[in-house]
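The values are calculated or read from the model by the stated rules, or taken from the named source; none is laboratory data. Just so it is clear, the model here is predicted, and its values are computed rather than measured. Cβ coordinates were reconstructed from backbone atoms using ideal geometry, including for glycine residues, and neighbour counts include every protein chain displayed. To get the accessible areas, we keep the full protein, side chains included, count just its heavy atoms, and leave off ligands, DNA and RNA. Shrake-Rupley method; radii C 1.70, N 1.55, O 1.52, S 1.80 Å.
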Amino acid sequence: MRRLLVAGNWKMNKTNREAVSFVSELVDKVKMFKRCEIAVCPPFTALSEVVEITNGSNIEVGAQNVYPADSGAFTGEVSPLMLKDIGVDYVIIGHSERRKYFKETDEFVNQKVHSVVEKGLKVILCIGETLEERQANKTFDVVKRELVGGLKGITASQLENIVIAYEPIWAIGTGITATPEQAEEVISFIRSEITKLYDNEVAQNFRILYGGSIKPDNFEAIVAEEDIDGGLVGGASLKVDSFARLVEIAEERQA
Ligand code: PGA
């Protein structure tokens, strides 16, 4: 049985003080949920303190970006080494907002994936199609291109430290969720592509999340789908109560 993961992507939200108060409350609210995996991904400025507060708890911590080098003349960037040094567990890579606003290509995304797994950190690799691509029946092509491009050169054992988040771009922050059937259709396709790239056993153990306007009232139906192993949550991860409720739903599904 794959372990469900509920990860909160805070994006560019919460000052350090707000982050500290959020996680201090969250630690207590979710401490009884031991079956599913829980992660929060604050902005860089809050990572260190969030790691400290969640130390010894069942909450892991992720960064939202990384630069694929250990150190050097890359003004404004943060390296996998620096993230590892402060105790970060996960790094979100290839989010559609980074692909769109910062022009990140599949090749650059792939370099980031390599740099992060080489440091022993875990990756949440985001892929997904735009509305125009869906309407032009290009969903599977786009998802496959981003999947194959992002995982280029990654071995089966490195893949154990990677999860995919399928995030249809038209569902991110729009209030429009993909139906559970739409999400399952693409996620089961991703799993079949993983089988082709690796093998069936690897694919069966590999986790694939859904992301895009997840809320407490739609999450149960989403994680009820066979291939969906949790969620990457933006808006609904910013309130302790709704995020804790999502964790509870995943916990109930995990059994
Ligand atoms: P959303 O964002 O839940 O606010 O739609 C999800 C994401 O971008 O990861």
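Using the Cβ of residue 238 as centre and a radius below 10 Å, the other residues enclosed give a net charge of +2, where K and R count +1 and D and E count -1. Per-residue packing, averaged as other Cβ atoms within 10 Å, sorts the ranges 174-183, 71-80, 235-244, 159-168 into the order 159-168, 235-244, 174-183, 71-80, beginning with the highest.
Suppose R0 equals 41 Å. What FRET efficiency, 1/(1 + (r/R0)^6) with r the Cβ-Cβ distance, do residue 70 and residue 221 give to the nearest 0.05? Rounded to the nearest 0.05, the efficiency is 0.40. Relative to its Kirkwood radius, the Cα radius of gyration of the range 20-80 gives an Rg/Rh of 1.07. In this structure, the pairs whose alpha-carbon distance is over 23 Å, taken from 14/215; 119/152; 34/196; 34/239; 103/196; 119/144, are 34/196; 103/196; 119/144.
In the range 74-202, a dipole from Cβ-located charges (positive for Lys and Arg, negative for Asp and Glu) runs towards its positive end, and of 110, 164, 197 it is 110 whose Cα lies farthest in that direction. Using a Gaussian network for the chain with springs between C-alpha atoms less than 10 Å apart, which of these wobbles most: 135, 204, 111? The residue with the greatest mean-square fluctuation here is 135.
Oblate is the label for the range 56-106. Its Cα gyration tensor axes, ordered a ≥ b ≥ c, give a/c of at least 1.5 and b/c at or above a/b. In terms of accessible area, using a 1.4 Å probe and ignoring ligands and nucleic acids, 197, 125 rank largest first as 197, 125. Placing 106, 70 in order of accessible area, with the largest value first and a 1.4 Å probe, yields 70, 106. Less than 5 angstrom separates the built amide H of residue 207 from those of 164, all sequence-distant by 5 or more or on a different chain. Backbone geometry of the range 32-49 corresponds, through the Karplus equation with coefficients 6.51, -1.76 and 1.60 at θ = phi - 60°, to 3J(HN,Hα) couplings of 7, 8, 10, 7, 8, 9, 10, 9, 10, 10, x, x, 3, 4, 9, 4, 4, 5 Hz, x marking Gly and Pro.
Put a plus charge on the Cβ of each Lys and Arg, a minus charge on the Cβ of each Asp and Glu, and nothing anywhere else: the dipole of the chain about its Cα centre is then about 380 debye. In the complete set of protein chains, residue-level accessible area for residue 95 is approximately 10 Å², probe 1.4 angstrom. Heavy-atom accessible area with a 1.4 Å probe sorts 103, 122, 112, largest first, into 103, 122, 112. Here's the picture: charge each Lys and Arg Cβ at +1 and each Asp and Glu Cβ at -1 in the range 1-92, and of 6, 23, 55 the one pushed furthest to the positive end of that dipole is 6.
A simple rule links phi to the HN-Hα coupling: the Karplus curve 6.51 cos²θ - 1.76 cosθ + 1.60 with θ = phi - 60°, which for the range 189-194 gives 5, 4, 5, 5, 5, 5 Hz, with x for Gly and Pro. Would you work out if the chain is rounded, prolate or oblate? Take a ≥ b ≥ c from the square roots of the eigenvalues of the alpha-carbon gyration tensor; rounded if a/c is under 1.5, else prolate when a/b is larger than b/c, oblate otherwise. Rounded is the answer for the chain, as its axis ratio a/c remains below 1.5. The Cα-based radius of gyration of the range 62-199, divided by its Kirkwood radius, gives an Rg/Rh of 0.98.
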